1. Just the number, please: carbon plus sulfur as a percent of the accessible area of segment 55-167, 1.4 Å probe, no ligands or DNA/RNA counted.
2. Scaled to the compact-protein estimate 2.2 N^0.38 Å, what is the alpha-carbon radius of gyration of segment 257-352, rounded to two decimal places?
3. For the chain, what Kirkwood radius comes out of the mean inverse Cα-Cα distance, in Å?
4. Whenever you get a sec, compute what percent of the accessible area on segment 318-425 sits on carbon and sulfur atoms (1.4 Å probe).
5. Between ARG322 and ARG235, what's the calculated FRET efficiency when r is the beta-carbon distance and R0 is 51 Å? Round to 0.05.
6. Can you pull the accessible area of ILE12 for me, 1.4 Å probe, Å² to the nearest 10?
7. Could you list the trypsin sites (Lys or Arg not before Pro) in segment 77-184 that lie in coil according to DSSP, counting only those with at most 11 other Cβ atoms within 10 Å of their Cβ?
8. Check the chain and count each lysine pair with an alpha-carbon distance under 13 angstrom, considering only pairs eight or more places apart or from different chains.
Amino acid sequence: MADSQRFDVLVIGAGPAGMAAALRAAECGVRVGLVDDNARSGGQIWRGSSDEHSEDAARWGERLRKADATKLYGMRVFHRPEAGVLLAEGPYDLCELRYTNLVVATGARERFLPFPGWTLPNVMGAGGLQAMVKSGLPIRGKRVVIAGTGPLLLAVAAYLRKQGAEIPMICEQASWSRLAQFGAALLGYPEKIAQTLQLKKQLAGIPFAASSWPLAARGGPALESVTISRNGNTRVIPCDYLACGFHLVPNVELHSLLGCRISGGYVQVDEFQETSAKAVFCAGEPTGIGGVELALVEGQIAGLAAGGRAPEARELFGERRRARRFARMLDRTFGLRQELRDLPSAETIVCRCEDVSYGRLQKHGSWRAAKLQTRCGMGPCQGRVCGPATQFLFQWNPDSVRPPVFPARVEDLAKMVDFQTVGCPTR
Ligand SMILES: Cc1cc2nc3c(=O)[nH]c(=O)nc-3n(C[C@H](O)[C@H](O)[C@H](O)COP(=O)(O)OP(=O)(O)OC[C@H]3O[C@@H](n4cnc5c(N)ncnc54)[C@H](O)[C@@H]3O)c2cc1C
């Protein structure tokens, strides 16, 4: 039997943005639900935190524990059968979630770009490898080359080194001139300067290359080395892991399903974080990649507005303006360079769920045509990996999203059909 719960404010995502939204909404005295597909709150940055973020993680975690909100962890929202109703799948059953106001704080994922050898074992997302190490993967004594773009590379390098990994090189595709502009702009953010100096100390002695990216990963069956490009020269670096991510892309599939306006890849919101879909708010990475500070302030504004205390939310607008300026700086600094479009060869797999090569995709003119003819984007990840890659490689725009937005059990899909034809089977 499916369970059914009703909330005045339902928050999807228990990362920093969703935690802040849920606890500020709970302060308004309304009935709040917080759902996340992981067993614990904290999102990408705080889940399993035992590093420099742990103080913040503990403080916000403690506030959330005390907040009067129903926590539904281990449940993934995958469908919206009608306005005001969502379906979430837990480990054992389906749950119907009814809401008056909704805050969607689903975060972001890493962007992967295909290059020869990127599907070899031990070539991983930088954040993905960090998450695996946090969950117990032994990394002590392993050689990890870190490559791609964005501040996450440095955070991951510092974390892995602390866990005993050897980092032969960090390869950042942005140029020194862009990085220097970013560094100068950081002067307006004293707290970021402190973080940067701390990172510099933690990364002392690790070679850092700008204008550098992976050309090929080699080995068999597992990774043995990576060939990198650095200022036009190539170099082969022996390694056990390649941790590689090209900044982040927002998770906006649920927002699309809910009919929220999306522009330039980001969900559009008004001053109270409300989207173009009435009573649907959005906070954190889906509105712009801006880091934990932006996620927290947007989450608080969305929670207060959804909980009925919009005037209080206004007090946070200045803080949000500042955090948004930082997000724009990130976008400018870590924008992808043209050369990366030439990385895949005709044989390089682009859609790894359906084994579709770059050469097969080149024949098509749109994402839809490629899906129809090759099954690109139709595997278990539903285009979450190859979609952003083809957007960069071919400038294809993903079409509309269809439910279920995540793979779901057949028995739950069957209940979903019952729901749509005769109403929720529990009632
Ligand atoms: C892989 C990765 C690693 C990162 N590591 C770091 C780091 O080490 N240091 C750092 O400063 N920043 C890191 N970041 C960036 C950091 O996540 C952001 O700066 C910020 O914390 C984002 O907060 P958020 O609440 O918007 O999103 P998130 O923290 O991503 O939280 C979103 C939550 O929503 C859940 N969710 C998504 N869809 C659904 C659904 N359909 N149903 C239920 N739940 C759902 C997710 O599981 C997640 O728990 C990382 C980002 C990624 C993608």
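The values are calculated or read from the model by the stated rules, or taken from the named source; none is laboratory data. Source: prediction; values computed, not measured. Counting neighbours? That spans all protein chains shown, and the Cβs are built from the backbone with ideal geometry, glycine included. Each accessible area value is taken on the protein alone, full model and side chains, heavy atoms only, with ligands, DNA and RNA left out. Shrake-Rupley method; radii C 1.70, N 1.55, O 1.52, S 1.80 Å.
1. 51 percent
2. Working it through for segment 257-352, the quotient is 1.36.
3. Values: mean 1/r = 0.0444 Å⁻¹.
Value: 22.5 Å, from the Cα pair sum.
4. On the way: 2930 of 5850 Å².
Heavy-atom surface of segment 318-425 belonging to carbon and sulfur, 1.4 Å probe: 50 percent.
5. On the way: r = 40 Å, r/R0 = 0.78.
The value I calculate is 0.80.
6. Counting only protein heavy atoms, ILE12 exposes about 10 Å² to solvent.
7. Values: sites: ARG98, ARG109, ARG111, LYS134, ARG140, LYS142, ARG143, ARG161, LYS162, ARG178; in loops: ARG111, ARG140, LYS142.
Counting only loop positions with at most 11 other Cβ atoms within 10 Å, the trypsin sites (Lys or Arg not before Pro) in segment 77-184 are ARG140.
8. On the way: LYS134/LYS162; LYS142/LYS162; LYS162/LYS201; LYS192/LYS200; LYS363/LYS371.
Close lysine pairs under the 13 Å cut-off: 5.
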